[in-house]
1. Calculate, axis by axis, the spread of Cα positions in the range A:422-512 along the three principal axes, and write the results as whole Å, longest axis first.
2. Quick one: order A:His509, A:His459 by neighbouring beta-carbon count within 10 Å, fewest to most.
3. Of the options B:Gln285, B:Trp114, A:Ala402, report the single residue whose Cα projects farthest towards the positive end of the charge dipole of the protein assembly as shown (beta-carbon charges: Lys, Arg +1; Asp, Glu -1).
4. Between their Cα atoms, which of B:Lys346/B:Lys665; B:Lys346/B:Lys403; B:Lys434/B:Lys503; A:Lys147/A:Lys460; B:Lys643/B:Lys664 are more than 22 Å away from each other?
5. What fraction of the Cα pairs in the range A:69-135, stated in percent, has a spacing above 13 angstrom?
6. Starting from the Kirkwood Rh over alpha-carbon pairs, what translational D in µm² s⁻¹ does the range A:586-714 have by Stokes-Einstein at 4 °C and 1.567 mPa s?
7. From a point 7 Å beyond the Cα of B:Lys468 in the direction of its Cβ, which residues of the range B:505-540 have a backbone N at a distance under 17 Å?
8. For chain A, with the dipole built from +1 on Lys and Arg beta-carbon atoms and -1 on Asp and Glu ones, taken about the Cα centre, which of A:Val277, A:Leu648, A:Met131 lies farthest toward the positive end?
Amino acid sequence: MGSNGSPSQIAEGTEQAEDRQKAANAAPQLQEVLRHTCPSPAGPRVLSTFRNILDRDSCDLVWVTKEWRPQQVTLHARTRTTAKIRQDVISSPKMQHTIEQQLSSQNEVPKEALWRELNDILIEMGHTQTMPVVRWFGYVLSKIMRKIYSGVFVNEESIARLRASIGNNPVIFMPSHRSYADFLLMSYVCFHYNIMLPVIAAGMDFVSMWGVGRLLRDSGAFFIRRSFGNDKLYWAAFSEYVQTLITAGENPIEFFVEGTRSRTAKSLCPKLGLLSVALEPYLTGQVSDIVVVPINISYDRTLEETLYSYELLGVPKPKESTSGLFKALNVLDEQYGRIHIDFTEPISVNKFFGDLRSPKLMRPLHLPHQITPDESTRIIWLANYVVRQQQKNAVISLFSLAAVVITHHVLTKPRNQLLNMHQLTRQVASLKSAAESFGALIDCRDNLEVSLQDALHIHKSLIVTSKDGQVQVKNVAAAQAPVDPAKMKGHSLQDKTLQVGVPMVMLQHYVNQTLHLFICPAIVSLSVQQSINQGSGMKANVFAKYQFLRTLLSHEFILHKAWETMDFEQSIQQLQKLGVLDESLHDSMKLSLGSNSHLQQILCQLLLPFLAGYSSACSTMSEVPAGKTVSLNEALKSTQARLEKLLLSAQLNHHYSLSLDLLTAAVNSLTSMGAVIKNKENGKVLYSPNSNRLRQVTQIVGDFLQLVAPICRKSQDEQARLLITRAKARL
Amino acid sequence: MGTAESTVRDDDNRLFRGHSHILDDITHLRSKKIGKIERVADVVIWPGCHGDVVGISTTEHSVLKRYQFDFCSICDPNKLRMIARRLTTANENNRKSSGSIPLKRQELLKWHGWGYKDTKVIVTQRGKLFITSNRYPLVKISQVSLKVREWIQQVWGIDLYEVENIPEPPENPDISNFPDPFLESEFLDGLLTLQIVYSTDGEDRFFRSHGQAMSDIMNARRYQIARLPDLVVWPNSHEDVVKIVDLSNKCNIVIIPFGGGTNVTSAVTCNPNEIRMIVSLDTSQMNQILWLDKRNLTVCVQSGITGRDLEEQLFREGFTTGHDPDSLEFSSVGGWVSTRASGMKKNRYGNIEDLVVHIRFVTAVGVLEKESRGPRISCGIDFNQIILGSEGTLGVITEVCLKVRPLPQLQVYASFVFPDFETGVKFTHDVAMKNIQPASLRLMDNMQFRMGLIMKEEQTFIGEIVDKLKLTALRAIANINEDEMSFAVAVFEGFKDEVAINKVKIEKLVVKYGGVSAGAKNGERGYLLTSTIGYMRDICLNLGMLSDSFETSVPWDRVLQLCKNVKSVVAEESKEKGLKHLSVCCRVTQVYDTGACVYFYFAFNAAGVADALRVYEQIESRARDEAIACGGNISHHHGVGQKRRKWVPRQISPTAVGLYSAIKKTLDPNNVFAVQNIVLPAEITSSKL
């Protein structure tokens, strides 16, 4: 780094720097908005307010046939038929304007054709919620859930809070999205608690599945194409459809702000498109408020864990098909533990946006609303806030903590030193108290040992405990059919890489479930460590490093700039309490490490796969010759290849670095830091290095990586031996 | 009164300078607090518009009569009394027609609420409502039906069958509550010289310290008015006003013009921090029609004439202005102009800005008026527009020339029901699109319609059955449900054939929107109810319900959303504030080509609510925020006053605020008209224009 100034300065392009400056200035304002919006909840969350809704007095048949008198979202809202909704969209002034004035005259397309097309779009999109189907489906779901889950636990306090805040305004449910099961769970919960069933925005992928599309439609899903680029008609139809649902306020609307299922179990950076469309009726004064309810759905074990693992490594996901679904039904033979659902404090959009609303009301309603820069900033805040709320209200399973410990062990200890149950319990206990001090609610109902054993039992396909108490990772990849290299999305990884990679990535899936808790403390403690190594330890110096890492990882974690300072201060306090940082300081401007070096090591280690992946991405990009460009896919492929080499030569031992999601985030992050330049040529996105800046970033990332690289290195072969190979794996 | 022994202190010069004291004492006498009285006389001096005229009060009813009188002679109390006796018997037919609003308003009007003293709504046993006067051609006794009772109990938490003997404020205010006036002797001397009647009586001042907003009335009932005017002055003519304004400008006195006192925007509220003497300039005695020009269809009136007086006199001549605000009986022409008022029948006759031909406006730097009686003028900026809506902050309107129309050949009421509010609004929108507005068209939402049912005549057994049959028929044939339907009322005016054609067109459209005609009688009732809404508000207050209305205007594409959103915000906010029993309803009261005027009525049961008035204001403020956010205006016709100033800069742009400030500084350099309406004082000071 030397004479180049603070890392954050180096790493940023001027434009981004300005943006960030703006965001930083906005930070106190955001705090202000949030204070008005969300009173902090009364007390700490406790498991006792969660109730298992599968555990009910009436039998399933009685339950699904109960009288349906749901709590209305808005009083006097009348339920419309599908045809009526379609009619409302078609006859809306905005739609009329779009077709009559804009599209038809601009593109010289006959109006009739456009109207026909619109009708087709709407038929393709529309939901057809019908109670008999919902009931029947609810019955089947009950049976399935009873079989595979030991309970669906809903925070009843949060249900009461939700009930109290609906009745006047349209409601948007924004659940976290980790699994296909999310789609059905919300409706199931609403049915159970007699709340109007949500209408759910779903991706078009399901429509092609015979029977399933229909079934989802009937249970209230409407379908949006994954990408529709510049198709103005589609865009207009889709936004009008969403907006008519909002303004009529008959059902809650449910969509996933993360846009898609997170394969990594980390929250994805929120997508703003659908949210902006849904907020438009508020911004243009068509509704007085919208209630946004972030919802966390925490799974002990994700149904798609193996699939995700393959997918992240580049083995293509099977196309959604009904036969695929039936094949996946052998999922039903396994146990998936508990689900925890928590509806977080409802957010009043009016309180969030109130001061921004109104000046452009001189425009008639049929003209499209242009989102102002202020509104757009606020929408980004809201989206980030929603995701953070989802994270804060997660219920962390003990297995996730165990996964952290096991990963740490596998990476740092020599191969003959196996982890035994006793050690695991002890380390999980200490990690649990650390997590709890970061505000986590840990699913530990019994004494720790019993609960941990239960948690491990759920994951017996991934982790086994031998009779003598040794804890080992299983090789789940063994029985997988050989992968056709041509179909690989990224670099075609060797079989032996996959064999270790798949279980390690699966394990990381559960590590990731905890990362929202640990990420800031981890970044801070790594920053402190490096700052001290460089002989400084001054708070400002640490903060600069923290800022760099935060910026670097902002596509990986929910690290919105507005929370930067607050998170920093909080992390320092928490780390001091935990003894990771020295508390007894005379100089308040200087930070030093505390006695709890084990936890410090664990925290820093959590960053390893990310830093390793990012570092490789840097190297790959810097090898692109000046004046040449690469596509994203090429960049990913060669980075994966580079990483595989490192893994084979034991210079790296964390397979999660191979994750395509991680590497994509790395490229995006480098782009927004100005180290890589994104060009659009003939509609293709291509990347080229910005040599000077890239060199600086590479250097800094490399320095950090040095610090977290494990003390004891094992080659991939050695690591493979840690895994028990299984003759027959289930998936 | 004649029996009262006057103990006049001769050494107190002010007695003879200030007639006010005389008036004071009349009040004192009446309230039988003679012990307190130091100065008593029984004469009221009253200059008229044709030279020096004095009125004398001789009876306990204080009937004021006016006579020619030599002013100087009042210096001697004995002589005064003698003159008084002589004058009492003199004839009185040489006088101009007197207005319906007396000098002492309190003799005719309530101090604690809306309207005439003799008119009250009384609830007697088992939900019988009883109106105490014949002023309103409504049913005198009405019976709250069981169904309505149940519903009211549900929304308001009040059982109308169990509310006998509702506590009511005393008939007269407690005079011990009024602070002493601050008087500038130079100004009093000046008034004496000018021979203009004034009063410093507490009750007079109190009566003019507030308007008719619910908050005003609540504050008045609790005597929580921070500052009363120090003096009330009754000019009789334009010339009087010019003199008073000159004098005030010279003496550094504040004038607050006061017309009918029916404002609902706190537009006459005195600034509690004002250190100067405040004069309330009551125009009620400027109540003459100066001339009527039947060929040019114009009438010229003094600004203090009330709508009712004007219309009655025009009626006798076969004319009407057609301006018909709900406050017609009390509000004055000057008040209409200064607040940009709107009349019910504006579709046919226009709003006040369409009716005004000429205005005389007395400002601190001179009289502002156009030298034009022609139908229209293109002569640069129309400065009438500065007067319209000036809300007493720039000067006093003294004379107004208005358009008149011959009385219509026919006036027909009609009413319609629609399946719900939405279809009703669509119907009114279509009426506007087709430009077939009747003279007036109003649409009530379901709740407002049901509120109207409280005042319904007692049902005979047969009538009840007929009603039930009607409802069943509605449900069966027109698919109209009692709990959802909206109710529209209309007035048609004009020549017979004109009305017939218009009616047919409207009825066709009603059918198109699934509506059904509900007869002329219901239509008429709908309009009559409007004029008693002030009385209903008061009975609500007595029952412990805080209730008031607010209005806005909004383009057609946002009418429904605005109604829905404002109601939803009120409900939400009420929930947040822990209110249990409340009602919010609305109606579309004016139908324009480009949009509509929407009225909201919000009421809640204040029992157990701490600081209920503030809660009300907070909710109303939030509702107005929402109305504005939904594309509504700050006000359609009530004006800004001091209640709605905070929304003004955003509504008219900061440049316009600067422009207003510049006008204010130019026309009123000494800030004589210091009633702080329209724009916050700080914004005037800070304006750079």
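All of the numbers you see were taken from the coordinates with simple rules; none came from a lab. All values derive from a computational prediction rather than experimental measurement. Note: ideal-geometry Cβ built from the backbone for every residue, glycine included; neighbour counts use all protein chains shown.
1. 49, 33, 18 Å, listed from the longest principal axis down.
2. Details: A:His509 27, A:His459 24.
Result, fewest neighbours first: A:His459, A:His509.
3. A:Ala402
4. Values: B:Lys346/B:Lys665 34 Å; B:Lys346/B:Lys403 13 Å; B:Lys434/B:Lys503 13 Å; A:Lys147/A:Lys460 17 Å; B:Lys643/B:Lys664 19 Å.
Those over the limit are B:Lys346/B:Lys665.
5. Values: 1584 of 2211 pairs.
Beyond 13 Å sits 72 percent of the P(r) for the range A:69-135.
6. Working: Rh = 15.8 Å.
Answer, rounded: 82 µm²/s.
7. Answer for this model: none.
8. Ranked along the dipole, the leading option is A:Leu648.
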